[in-house]
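Step one of this worksheet: look at the structure below.
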Amino acid sequence: MTSKHSSYKEPLIQYLVFLADTNLILSQRNSEWCGHGPVLEQDIAITNITLDLLGQARLLYQYAAELINKENPSANETEDTLAYHRLEREYKNLLLTELPKGDWAVTILRQFLYSVYQQLLYTELLNGKDKHLAAIAEKSLKETHYHVKWSSEWVLRLGDGTPESHARMENALLSLWMYTDEMFIAAAYEDKSITGIAVTELKKEWLTRVSAILQEATLAVPSDDLFMQTGGKTGVHTEHMGYILADLQYLQRTYPGANW
Amino acid sequence: MATQELEKLFHDNIDAEIKIEPRDWMPDSYRKTNIRQISQHAHSEIVGMLPEGNWITRAPSLKRKAILIAKVQDEAGHGLYLYSAAETLGISRDQLIHELHSGKAKYSSIFNYPTLTWADMGAIGWLVDGAAIINQVMLCRTSYGPYARAMVRICKEESFHQRQGFQILYELSKGTDAQKAMCQDAINRWWWPSLMMFGPKDADSPHSAQSIKWKIKRKTNDELRQNFVDMIAEQVKVLGMILPDPDLKWNEARKHYDFGEINWDEFWRVVKGDGPCNRQRLQARINAHNEGAWVRAAAKAYAKKRQQEEVVA
Amino acid sequence: MQIKFNKYYYGDIPEDNGGQQSEIKKVPASDGKEEWPLWEVFIRSKQGLDHKHAGSLHAVDAKMAIENARDVYTRRQEGTSIWVVESKNLFASNPADNEMLFDPANNKIYRHPTFYELPDEVKHM
């Protein structure tokens, strides 16, 4: 269950790949809305976020590839070999991002839960140990701030909109909440000694910000004792992941070695 | 002013290349023709998102994926600009969308063909957008102001669409045997449908004169089609591919390419709803609209609540 | 005046020749009341320039209208500032009044600098 990609043990590389995968897979899911949005203006809006996340993933993969090639000049890694040529167990994205796009409530809530986390995490990265990563974080944050604003407003509209939208948001909360803890449980490559960030400590602030919006949206914050799902960060995914990769990797797998 | 005088003024303005603006007097049929044409154009942009959207999750590199997403998103934007232009004529977007969904309003038949391989992304950009651009450049000078302005914006944004399509095919044409075959296959399937985009022959469009006279259109179907053939017949050489038409050859006397007869049976079959994807395309739009109904209602209800709060405060 | 058009690219496949007459799911007619309000968008493309009308869009409130304008009309770095106004709040002059409103300016050419001939010795005025 490994490819040559599993041999890149350097924690920083693994961490970059984790950050990149998470953005890529969420982008992949959000891109399914393109052409199918609830209203033209919002079709365009969600697609802007899709493009932002994809752009962020590319910067991170490019940096990871650069580090890998520096260490091992014959590796010839690129953003595309990293994004397309790995096995499922080698993808490190959060489980949250690979769940089906669901209805607009699920998509909005997921974006909100993730963007608030991303905002906190990337703000920390600004002062992290790696300067290049800090620069990527700085660039990404401008986009993330907007994602937080946009998704927060939609959480309010749906939570405090109609009885139907409220019910749909409650369902979305129920199905997504159990995937949120994973964000704050550090994988080995995420240890503070490596990244300079104690990801566990972000949880409190995340919960405060998320709860404030949920409450304003008249939605109850789910209780703490929900059984939390983990595994994405170490490559143990949900059943959905295989299908995502079947789509994502289809051409690269069918025509190995071709340029596009 | 009497209607006759208004009508004379209207025609004088058209003749003098003065744009007609939303609040100006215009004949009913001019209004109707514009609504129909602009909205069909808008619907074409929106339905046109679907065949290309089909390949977003499968794009073969991250760069291609980003380009494709941006392009399909542009089409949403263009649809929006065009709906806005139509709305200045006194019809709501909801009404226009309803006419599309009920089957009353039409969109370009080209989007009723399936996208079967990645090369189709290239062929659509090069041939379909190429054909559309010829039409759209002409429409930048159309007589109705809001339509012309929307088209100027659209043409500016479209300029990368055809180039990225050609580039996809160019890359394939230099690639493996399988990629070359994929490239030629896509050209074979998209060539004739893109010629059909220009509509029936002038001889079969007896009333087109009025539309030209009103300067809604500025060139005939056959003129535009010929421009397109002349352009593509040269560009295909760069790809080292061929166009699937044995009758295609340069005519030195006319200084144009001659080309074979379009299959008009197929043209009318697809227009009338029997293309390979007519039902799926329309159903996809209807589904998106219906499944979005609760979202639109929620946003509206929320805005209303906030407004009432402000009034109370 | 009923004129029938018969040109068929993009814009104009006539209704009587259209296909796809709804074996597909019936769509309820919309009365337009559920539609989000229409807004006009004005964009300042560069500091120092005026806001210019860019187009319109639908949104439930001003906040959403500004965000939609950002997403729709500034995808290519076209903007540094956005104004939106709900279309129903925009008032326009009546084209029927054009002669009365605008023609009287035609005979006041003395408002233009070229009206004044100055001796060549005076430069840059």
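The values are calculated or read from the model by the stated rules, or taken from the named source; none is laboratory data. None of the values given here were measured: they were computed from a predicted structure. Every residue, glycine as well, gets a Cβ built from its backbone with ideal geometry; the counts of neighbours run over all protein chains shown.
Numerical summary
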| quantity | calculated |
| --- | --- |
| Test result for C:SER45, modelled with pLDDT of 85 or more, farther than 30 Å from B:MET196 by Cα, of a type in the set (Ser, Thr, Tyr) and surrounded by 15 or more Cβ atoms within 10 Å (Cβ to Cβ) | yes |
| Top-ranked residue in the range B:78-90 [being aliphatic (A, V, I, L, M) and more than 9 Å from chain C (Cβ to nearest Cβ); ranked as nearest to B:SER159 (Cα to Cα)] | B:LEU82 |
| Every residue from the range A:157-208 that is part of a loop (DSSP other than H, G, I, E, B), buried (at least 18 other Cβ atoms within 10 Å of the Cβ) and not hydroxyl-bearing (Ser, Thr, Tyr) | A:ASP160, A:GLY161, A:ALA187, A:ILE197 |
| Among residues of the range A:116-145, those that are part of a helix (DSSP H, G or I), without any contact (Cβ under 8 Å) to a residue 60 or more places away in the chain and not β-branched (Val, Ile, Thr), counted | 11 |
| Residue satisfying all of: in the range A:56-96; under 30 Å from C:LEU57 (Cβ atoms) and without any contact (Cβ under 8 Å) to a residue 60 or more places away in the chain; surrounded by the fewest Cβ atoms within 10 Å (Cβ to Cβ) among these | A:ARG58 |
| Hits in the range A:10-66 (condition: within 12 Å of another protein chain (Cβ to nearest Cβ), of a type in the set (Asp, Glu) and part of a loop (DSSP other than H, G, I, E, B)) | none |
| Unique residue being touching a His at 6+ places or on another chain (Cβ under 6 Å) and either in a helix (DSSP H, G or I) or within 22 Å of B:ILE216 (Cα to Cα) (or both) when the list is B:GLU99, B:GLU17, B:GLU75, B:GLU45 | B:GLU45 |
| Residue that is nearest to A:THR78 (Cα to Cα), among those in the range A:209-260 that are of a type in the set (Gly, Ala, Ser) and part of a helix (DSSP H, G or I) | A:ALA246 |
| Hits in the range A:1-54 (condition: more than 23 Å from A:LEU141 (Cβ to Cβ), among the small types (Gly, Ala, Ser) and surrounded by 24 or more Cβ atoms within 10 Å (Cβ to Cβ)) | A:GLY35 |
| Verdict on B:GLN307 being assigned to a helix (DSSP H, G or I) and at pLDDT below 95 | yes |
| Single unsatisfied condition, B:LYS201 versus (1) more than 14 Å from chain C (Cβ to nearest Cβ); (2) more than 16 Å from the chain's Cα centre (by Cα) | (1) |
| Single unsatisfied condition, B:LEU116 versus (1) without any contact (Cβ under 8 Å) to a residue 24 or more places away in the chain; (2) surrounded by fewer than 18 Cβ atoms within 10 Å (Cβ to Cβ); (3) closer than 25 Å to B:GLY273 by Cα | (1) |
| Residue match in the range A:144-155 (condition: among the charged types (D, E, K, R), more than 18 Å from A:LEU24 (Cβ to Cβ) and within 14 Å of chain B (Cβ to nearest Cβ)) | yes |
